[in-house]
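The values are calculated or read from the model by the stated rules, or taken from the named source; none is laboratory data. Because the structure is predicted, anything quoted here is derived from the model rather than measured. Methodologically, a virtual Cβ is constructed for each residue, glycine included, from the backbone with ideal geometry; neighbour enumeration extends over all protein chains shown. Quick note on the areas: whole protein, heavy atoms, side chains included, nothing else; ligands and nucleic acids left out. Shrake-Rupley method; radii C 1.70, N 1.55, O 1.52, S 1.80 Å.
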Amino acid sequence: MNHTGIIRTVTITGLTAALGLATVVPAWAGPLSTPPAAIPAPGPVTTVADLDGDGEIETVTAQLTGDNDQVISATVHGTFTSIHVGADSAFPLEAPRVTDLNGDGRAELIVAQSIGANTTFFTALHYDGRNLGQVVDDNDKPLSIAEGGGVAAHLGYQCAPLEGGGRTIETVAAEADDLSAPADRITYSGSRTVYTLRDGALTIQNTLPITRRPVTDPVLGTDAGTCAQTGS
């Protein structure tokens, strides 16, 4: 396990990262035309992560506990910790994505909370040495990250290495300027926002406006796989 030190800068999108999942999902998230008929399997799903950065791997479990509620749990050095967060009980539960958003060697968990036809909303969890808790934004509200958007929006996140160690996380939220335009001429406007992540809290460092950019423009590029925890 590489321990690269605490990140100094993290990037997250303004338009969507700031959305709380208690709010109404935007129109571009795309309501399903036909609600799924199948009931999700009640069994838990698991993944593995190094939550405290000591090189030992912990098992992380997600369990649907009721309508739109899930519990994420793990045992670290014999101490059990768990947290309830929102879930989309209309769909099978997904195992948390194991990431290291700031490159300090300790895993953050990206947890799906709301699933639309084109867009999935996630929250992020971190382990503070005793308990699992939600990563909060600069307004001290639980972080919400969107991914997808279909043609109507371009939403996502990625991480990048910092010189001297650590990582940034970059989140993009941009909406189509004119959906009536030919598909190869649709442009997007929104933002790409830079944060610092420390002790489970984000601080905005910079926000880059996005104005009428084609989907091929690198400023809209995202790759969630770049945030994976090394060795987990």
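Could you order 185, 212, 167 by accessible surface area, starting with the largest, using a probe radius of 1.4 Å?
On the way: 185 175, 212 150, 167 45 Å².
Ranked from most to least accessible, the order is 185, 212, 167.
With +1 on each Lys and Arg Cβ and -1 on each Asp and Glu Cβ, and nothing else charged, work out how big the dipole of region 185-232 is about its Cα centre, in Debye to the nearest 20. Can you show the working numbers first?
On the way: 5 positive and 3 negative charges, 51 e Å.
For region 185-232, the charge dipole is close to 240 debye.
Assigning unit charges at the beta carbon (Lys, Arg +1; Asp, Glu -1) and nothing else, what dipole magnitude in debye, to the nearest 20, does region 136-220 show about its Cα centre?
Details: 7 positive and 12 negative charges, 21 e Å.
That gives region 136-220 a dipole magnitude of about 100 debye.
For region 85-230, which whole-number percentage of the solvent-accessible area (1.4 Å probe, protein heavy atoms only) is attributable to carbon and sulfur atoms? Each step should come with its number before you reach the end.
Working: 2920 of 6210 Å².
Taking all protein chains in place, region 85-230 shows 47 percent carbon and sulfur surface.
Tell me, what ³J(HN,Hα) does each residue in region 123-132 have, in order and in whole Hz, if you take phi through Karplus 6.51 cos²θ - 1.76 cosθ + 1.60 with θ = phi - 60° and put x for Gly and Pro?
10, 10, 10, 9, 10, 8, x, 9, 9, 7
Using a Förster radius of 45 Å, what is the FRET efficiency between residue 84 and residue 215 based on their Cβ-Cβ separation? Nearest 0.05, please. Please report the intermediate quantities before stating the final value.
On the way: r = 37 Å, r/R0 = 0.82.
Approximately 0.75, to the nearest 0.05.
What number comes out for accessible area per residue over region 140-232 if the probe is 1.4 Å? Units Å², please. Show your work: numbers first, answer last.
Working: 4570 Å² over 93 residues.
Result: 49 Å² per residue.
Considering only protein heavy atoms, what is the solvent-accessible area of residue 57 at a probe of 1.4 Å, reported in Å² to the nearest 10?
Residue 57 exposes around 80 Å² with every protein chain in place.
Which is farthest toward the positive dipole end of region 130-232 among 151, 131, 172, measuring Cα position about the Cα centre, with Cβ charges +1 (Lys, Arg) and -1 (Asp, Glu)?
The one lying farthest along the dipole's positive direction is 131.
Provide, for q = 0.14, 0.15, 0.26 Å⁻¹, the log10 of I(q)/I(0) from a solvent-free Debye sum over equal Cα point scatterers in region 89-136.
-0.39, -0.44, -0.99
Could you please put 126, 84 in sequence from largest to smallest accessible area, using a 1.4 Å probe?
84, 126
When only alpha-carbon atoms count, how far does region 93-214 stretch along each of its three principal axes, as whole angstroms with the largest first?
Here the spans come out as 52, 36, 24 Å, largest first.
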